[in-house]
Amino acid sequence: MVAIKGGLTINVGRVAVGSNERLIFTAKFASNTVGKTIKLYQSASPGLLTTYVLQLMDDGSFAARDATANDGTFSNTLSTADCTAEKDIHFSAVIDDVQPAVTAKGSAVILSPYFTDFNARGGDESDEIATILTTAGYTVTLKCDNPTVCPTGAPTLEDFKGWGQHVAAVLVSHGDASADGSNNVVFTRLPYTATFYADWLAGRIEVMGDGTIALTPAWFNLYNNQLQGTIAYFSVCRSARGRGFADVFVAQGAGSFVGYTDYVGGAFATPRGISTFNHLVAGGTVGTYPATGNVEADSTPAAFMAFNTAASRTLPVIHNLLASTDLFIEYTWPLNMRDLDTGTMFNGEQVGFACPNTTAFLAWSGDDTSGGGQETATVLLSKAHQQGAFTNQVIVALRAAWYPSSSSGPATVTVSLKDRATGSKYGSQQATILPAQWHPNGCAGTTRVGYVEVFVLGPAGAETVSFTLGDQSMPTGE
């Protein structure tokens, strides 16, 4: 959201902080705003973000309050010094239980270990990119060394893993590479300990002269696989000198990798990072980045460099958001075979032939006795997760048996993630199963033929779900 009045431009966004949200106001001031008072007002009856912007832009309806009161109200009268050049001033306030978590489009991770230093020396686009993405409907994890801007704290090494769950991953940091483009590293500002010895031995990290960890492309190759079109933006010196980082991200499925070819200053990188994400949230493609071809005019002229820029690719649509996804299981058999009885078990309950079929988180299509038939089961993952049936990982047991004297031999099970709104299926996995003969034991008449292991990752409100399909030899949680 952007509001403009009297030379003042304000971007407003939301960043999830546990069960709360933080409103971030990034204000740019033109020279004609000298002497104006800027106010951030937290209403006793909070409403939409639009209301906050109107209150913020008001010229006098709300009295100035002391920022040290820590009550969400802040005012700042600009001086001539503030307006000698366009600059960023950051305000934030924690709003408890006001807005629902943003889940519609997916999540993004933004890491800036040196935010305070960068922001004082030319700019750091991390918080402004966070504003752009949150305003566009994405849930953002923003981590930096400024507790006001980033109340969730500075990045940890775990934050540099698992980026495949996000539509975008942004890193604003120091980095380096050899002149020929080899030996690429990005700095984390995190101290090395013996815990990371295996990663050091494998060449995934390097230890810098000050004892902190730098990450190599091998780190991202191991810990950020299975990207789903994720857009990776590295506002990092020499991150695009050579193809070290780019090749890893592209090979793992990134929609695009963007970096800089030489030592780059914040004054050059910041507006280009902002324009990149304004372009993307507006539906722009990676083949038409507005900063393409831009080169810094200094002694180390860094170029904005994008890789994997197929013209049709945009910010990805994540089809596996937990909030909108069920697990869909299909048991099928050939035309010359009939009456496969199935059983699907989750959270200690089972649906299928001769079962009660009155469970909280399972739905069954019913008994199909025909040739070339099909039975399906649906696991209501989001409901189960919300009600505490599981947290990050759970097993779904698959059972089946041929009704006596009907058939024998193999059948097929197909497992998919299914969008509840559209019915579309994604990420399907299929396996041949070998059902035994049904034995007259009610709901327990089927035998195990496989299992599905379900994984949930990501920040609260923007969790993603994935799964693996295994055979009957593995543990099932029965």
Inside segment 365-402, can you point out the residues that are of a type in the set (A, V, I, L, M, F, W, C), under 32 Å from the mean Cα position of the chain (by Cα), surrounded by fewer than 23 Cβ atoms within 10 Å (Cβ to Cβ) and part of a strand (DSSP E or B)? VAL394, ILE395, ALA397
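Identify, from the list VAL351, VAL317, the residue that is surrounded by fewer than 22 Cβ atoms within 10 Å (Cβ to Cβ) and in contact (Cβ under 8 Å) with a residue 12 or more places away in the chain. First the steps, then the outcome.
Values: VAL351 fails: surrounded by fewer than 22 Cβ atoms within 10 Å (Cβ to Cβ).
Only one candidate qualifies: VAL317.
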What's the number of the only condition in (1) surrounded by fewer than 20 Cβ atoms within 10 Å (Cβ to Cβ); (2) at pLDDT below 95; (3) farther than 21 Å from ASP471 by Cβ; (4) touching a strand residue (DSSP E or B) at 6+ places or on another chain (Cβ under 6 Å) that ALA360 fails to meet? (4)
Single unsatisfied condition, CYS443 versus (1) modelled with pLDDT under 90; (2) touching a strand residue (DSSP E or B) at 6+ places or on another chain (Cβ under 8 Å); (3) within 19 Å of PRO334 (Cα to Cα); (4) not basic (Lys, Arg): (3)
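Tell me the residue from THR139, THR193 that is surrounded by fewer than 20 Cβ atoms within 10 Å (Cβ to Cβ) and among the polar types (S, T, N, Q), please.
On the way: THR139 fails: surrounded by fewer than 20 Cβ atoms within 10 Å (Cβ to Cβ).
None of the others qualify; the one that does is THR193.
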Checking PRO147 against (1) crowded, with 21+ Cβ neighbours inside 10 Å; (2) more than 18 Å from GLY458 (Cα to Cα); (3) not polar (S, T, N, Q), which test does it fail? (1)
Residue check: is SER312 closer than 20 Å to SER126 by Cα and either over 19 Å from the mean Cα position of the chain (by Cα) or surrounded by fewer than 21 Cβ atoms within 10 Å (Cβ to Cβ) (or both)? no
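Somewhere in segment 439-449, is a residue among the basic types (Lys, Arg), touching a residue at least 40 places away in the same chain (Cβ under 8 Å), assigned to a strand (DSSP E or B) and open to solvent by 70 Å² or more (accessible area, probe 1.4 Å)? Give the steps one after another, and end with the answer.
Keep residues of segment 439-449 that are among the basic types (Lys, Arg), which gives 448.
Filter once more, keeping what is touching a residue at least 40 places away in the same chain (Cβ under 8 Å): 448.
After this cut, where a residue has to be assigned to a strand (DSSP E or B) as well, the list is 448.
Subsequent filtering for residues that are open to solvent by 70 Å² or more (accessible area, probe 1.4 Å) retains 448.
The answer is yes; a qualifying residue exists.
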Give the residues of segment 214-236 that are open to solvent by 20 Å² or more (accessible area, probe 1.4 Å) and either over 19 Å from the mean Cα position of the chain (by Cα) or at positive phi (or both), sorted by residue number. PRO217, ALA218, GLN226
Quick test of your reading of the structure: SER239 fulfils all but one of (1) outside any helix (DSSP H, G or I); (2) out of contact with any helix residue (DSSP H, G or I) (no Cβ under 7 Å at 6 or more places or on another chain); (3) among the hydroxyl-bearing types (Ser, Thr, Tyr). Name the failing condition by number. (2)
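The values are calculated or read from the model by the stated rules, or taken from the named source; none is laboratory data. Quantities reported herein were computed from a predicted structural model and do not represent experimental measurements. Positions of Cβ are generated from backbone atoms using ideal geometry, with glycine treated the same way; all protein chains shown enter the neighbour counts. All accessible areas refer to the heavy atoms of the entire protein, side chains included, with ligands and DNA or RNA removed. Shrake-Rupley method; radii C 1.70, N 1.55, O 1.52, S 1.80 Å.
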